[in-house]
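Let me begin by presenting the structure, written as structure tokens, before commenting on it.
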Amino acid sequence: MNTNGSSLQLKSLNRYIDLGFIVKFIGLFLLFYYINIFFVQLTLPGKWHNDFFVNHLNYIQWITASLTHMSGYFADLIGVENYIRGNSVISEARGHGVNVKWECIGLGIYSFWLAFILAHKMSVKRKVLFSVGGIVVMWLLNCIRIALLLYGVDHNLKAWKKSWKFIGGINHHDLYNYVCYTLIIGMIYLYYRKTTKKNATVKANTGKE
């Protein structure tokens, strides 16, 4: 086996594709995603259910509660009177509402974004800034989505829980994912654009190629 040849091929490939970043990104994404899934199982009825986690460390419920309460505030802004039931259900005045389940809180999207940021080589301060900023934006989008769903319930808009044919036949859950991933791609583009300009400036000032 020609190890020198393989090493040269990897170095050549790494000039165009950052293999180290890709490996770290995939590894971190799978780690975050399946850790979240494991903790979700601790909150559900069944053999994995854990009372201690549910009562003291249930961040799944904390995220859900933050979504419903902020969505309630947004719903008030668009004229929908509402109240929260059990931290996971937001209802309009007649009692009809939106049940925010764990599948709806964005764990996969958060895992994707965190993995992308942490896999990069940057200062801890920048990693914290980008991580928190991105998650807050996606969280706010989810709050707006839930508030709009409640608006649909309150105004008896039948299409709110069905496929929206005028935008390709997708439902609100898929639409939220598409919007968030589009936002992530946009933030990635801006990040790389800013980083490229910064590196180009540094090279120009130092005279390094």
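The values are calculated or read from the model by the stated rules, or taken from the named source; none is laboratory data. Worth saying up front: this structure is predicted, and the values here are computed from it rather than measured. Cβ coordinates were reconstructed from backbone atoms using ideal geometry, including for glycine residues, and neighbour counts include every protein chain displayed.
At a glance:
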{"read-out": "Residue match in segment 47-57 (condition: β-branched (Val, Ile, Thr), modelled with pLDDT of 95 or more and surrounded by 13 or more Cβ atoms within 10 Å (Cβ to Cβ))", "value": "no"}
{"read-out": "Residue within segment 59-79 that is farther than 30 Å from Ile188 by Cα and surrounded by 18 or more Cβ atoms within 10 Å (Cβ to Cβ) present", "value": "yes"}
{"read-out": "Segment 20-47, residues that are of a type in the set (D, E, K, R) and not in a helix (DSSP H, G or I)", "value": "Lys47"}
{"read-out": "Pair list, Cβ under 9 Å, 6 or more apart: segment 76-87 residue over 17 Å from Ala65 (Cβ atoms), other residue acidic (Asp, Glu)", "value": "Gly79/Asp154; Val80/Glu92; Val80/Asp154; Glu81/Glu92; Glu81/Asp154"}
{"read-out": "Residues being assigned to a helix (DSSP H, G or I) and free of Cβ contacts under 8 Å to residues at least 24 places away in the same chain - total across segment 109-147", "value": "11"}
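Yes/no matrix, rows are residues, columns are (1) modelled with pLDDT of 90 or more; (2) more than 17 Å from Ala75 (Cβ to Cβ):
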site	(1), (2)
Ile105	yes, yes
Ala115	yes, yes
Lys121	no, yes
Lys125	yes, yes
Val132	yes, yes
Trp139	yes, no
Asn142	yes, no
Trp160	no, no
Trp164	no, yes
